Amino acid sequence: MAAAAIPSVNKAWVYSDYWKTSDVLKFDESIPVPEIKEDEVLIKVVAAALNPVAYKKIHGLFKEHNPPPPIVPGTDVAGVVVKVGSQVKKFKVGVEVYGDVAEHFTEEPKKLGVLAEYTAAQEKVLALKPNNVSLVEAASLPLAIETAYEGFEIAQLSAGQSILILGGAGGVGTLAIQVIIDMFSLLLNPYICIFSVLYVFSDHICVNIFYSLRSMFLERPGWQLHYPSYVYLKLSIISSFPSNIHKNF
């Protein structure tokens, strides 16, 4: 398939100084479309997601690692490939992909991120978008699910271990629960207790969380969600852990 007509400039959000996003993040209609290298593809952005590290970089937290401004922020993206480099093997023009375009944001910082109409990314950091998720949903996954997956790799899980996932209602936490079920289930006993440390503002919210988690787990053959009591849900305590864990909550 022939490459689609690609403009030389595109619209993007950029910052040229470091401070609050409301003060320094500006909309620019004349940012150059990135030139791709041999191992890269050019993506027509359909959806992009920002993570906490993105606004921290805008605030100047990683200033020493940033390229010279102006900078287009963001690394999580989903979109359609419109151009491929000569060494790209996995993708062709027209396919839908998603990924985190910055493999090492401190070593290889991106000057032209994903808050734009077009962005460039190495083939190795992208994957084909699954058919059962939308482009918007796919854009929300990369960095958070990488964090969850790498955390489990570092933990070197083995059969018979108990797992406590803190912040299970957050971006990384919700994906960590799904990763541990879908990708690491063969390493674990089929009977697992997973609790989420949450800021519970009312009993009504707490009950809703319980029934949502119970439904998610009980729909999966061989998995059980165990809450000895409603109090344990509210305190986010796993009964198989040492008794002194109570002091940490």
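The values are calculated or read from the model by the stated rules, or taken from the named source; none is laboratory data. Treat the numbers as computed from the prediction; the structure is a model and nothing was measured. Using ideal geometry, Cβ is built from the backbone for each residue, glycine included, and neighbour counts are taken over all protein chains shown.
Observations
- Comparison of LYS89, LYS129, LYS83 shows that the only residue that is buried (at least 16 other Cβ atoms within 10 Å of the Cβ), at pLDDT 95 or above and more than 24 Å from VAL9 (Cβ to Cβ) is LYS129.
- Condition check for VAL114: closer than 24 Å to THR147 by Cα and in the same structural domain as PRO34 (by TED's automatic domain parsing): yes
- For GLU96, the test of being among the acidic types (Asp, Glu) and at pLDDT 95 or above is passed.
- Of the residues making up region 91-112, those that are of a type outside the set (A, V, I, L, M, F, W, C) and within 15 Å of the chain's Cα centre (by Cα) number 5.
- With respect to (1) more than 20 Å from VAL136 (Cβ to Cβ); (2) touching a residue at least 24 places away in the same chain (Cβ under 8 Å); (3) outside any strand (DSSP E or B), the lone exception for LYS56 is condition (2).
- Criterion: in contact (Cβ under 8 Å) with a residue 60 or more places away in the chain and touching a strand residue (DSSP E or B) at 6+ places or on another chain (Cβ under 7 Å) - qualifying residue of ALA144, ALA127, ALA78: ALA78
- Taken over region 124-162, residues that are of a type in the set (A, V, I, L, M, F, W, C), under 17 Å from VAL80 (Cα atoms), in contact with a Gly (Cβ under 6 Å, 6 or more places away or on another chain) and assigned to a helix (DSSP H, G or I) amount to 1.
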